[in-house]
Amino acid sequence: MQKFVMGLIERKEKCEDIKFINNNLYSFKKLSPYVLAELSEEKIGVSSPESFNDPFDCLILSDIRRAFEQNKNLDNFFIDTYIKELRKIRIRCFVGDSSETKGSAPEPYLRTLMWGHYAENHQGICIRYSLSEDSPLLKNGKIDEHAIGRIDKIIYQSGSVRRKERLEYERCFLFKDKAWEYENEVRLVYYDTKRDEEHYSVPLTSIGLKITGVYFGLNCKKEMKSLIRHIMEGQEVDFYEIKCDDQYNNVLKAEKGDDKL
C-alpha cells in the first residue's frame with residue numbers, strides 16, 4: 001500500500017520546465033504558538049487536505065474509493081487500507097513569485113487579498129522561503145527511507161472536471177478551479193509512512209528550503225514583531241514592514257526594517 005502511494009507522488013518526468021527553481025516562495029500565516037515554533041526551529045508545517053477551505057481541493061479519497069468500487073472483487077478492507085495510507089498525505093501551500101504571474105500583479109507580499117484571507121486581516125506575517133535547486137522536491141522526491149515529497153505549480157482550469165477511474169498525480173493534487181488563479185499557488189505534497197497526525201512539521205533543511213525574509217502585516221502588533229525578531233536571532237533573515245503607499249491609500253509597500261523595533 002505504501003509503495004502505491006509513493007509511486008503516485010514520485011516525480012517521473014525531467015524537471016527542466018520547473019521555472020520557480022531559485023525563485024522565492026511566500027506563505028501568509030496567522031500568528032500562533034505553532035507558527036512561532038516553526039520560525040524558531042526552522043521547520044515548516046504540513047496539513048491534511050481535508051482541512052482546506054475549498055471542499056473541491058484534493059478529491060483523491062473520493063476518486064480512489066470510486067475507482068476501487070468498480071472492481072467488485074476487492075473487499076472493503078483492501079479499499080480502506082489504501083485510503084488509510086492516502087490520508088497520511090500532507091500539503092503546504094505557497095504563493096509563487098510574481099515573475100510567474102500573468103499581467104502586472106504586485107509582488108506576493110503586497111497583495112491585500114492574501115493578507116486579508118490568510119494572515120488574519122494583516123495582523124499576521126508573510127514568510128519568504130528560498131528553494132534550492134538541489135532540493136529533493138525537484139528530483140525524485142525521496143526525503144529519507146520512509147518519506148517522499150514534491151513541489152509543483154497548481155493547474156487552474158475552468159468548467160466541470162469529469163471523474164476518472166485512473167489515479168493521476170496532477171489531477172489528484174494540483175487541479176483547482178480558475179477562480180483561485182489569483183493566488184498563483186505552488187504546492188508541496190508530502191507523504192511520510194510513519195506519521196498520520198493532521199498537522200506536523202518538517203525540517204526545512206531536509207527539503208531544501210530556507211527562510212530568507214519575514215514581512216510584518218499592517219496591523220501586526222509591535223510586541224509580536226519584537227518576539228519574532230528575538231526567536232529568529234542568529235538566522236540570516238531580512239525583516240520588512242508592510243505599510244500604505246505614500247501617495248495611494250489602497251496600495252501597499254514594503255520597507256526593510258531596522259535591526260531593532
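Could you sort 115, 180 by their accessible area in this structure, using a 1.4 Å probe and putting the largest first?
I get 180, 115, largest accessible area first.
Let me check something: with ligands and nucleic acids excluded, how do 117, 122 order by accessible area (1.4 Å probe), largest to smallest?
These residues rank, largest area first, as 117, 122.
Just check segment 132-261 against the gyration tensor rule for me: Cα atoms, a ≥ b ≥ c as the square roots of the eigenvalues, rounded for a/c under 1.5, and otherwise prolate or oblate depending on whether a/b exceeds b/c.
oblate
Apply the a/c threshold of 1.5 to the C-alpha gyration tensor of segment 152-217 and tell me whether it is rounded, prolate or oblate.
oblate
Heavy atoms only, probe 1.4 angstrom, no DNA, RNA or ligands counted: give me 1, 6 ranked by accessible area, highest first.
Putting 1, 6 in descending order of accessible area: 1, 6.
The values are calculated or read from the model by the stated rules, or taken from the named source; none is laboratory data. The structure displayed is predicted, hence computed values, not measured ones. Heavy atoms of the whole protein, side chains included, go into the accessibility calculation; ligands, DNA and RNA do not. Shrake-Rupley method; radii C 1.70, N 1.55, O 1.52, S 1.80 Å.
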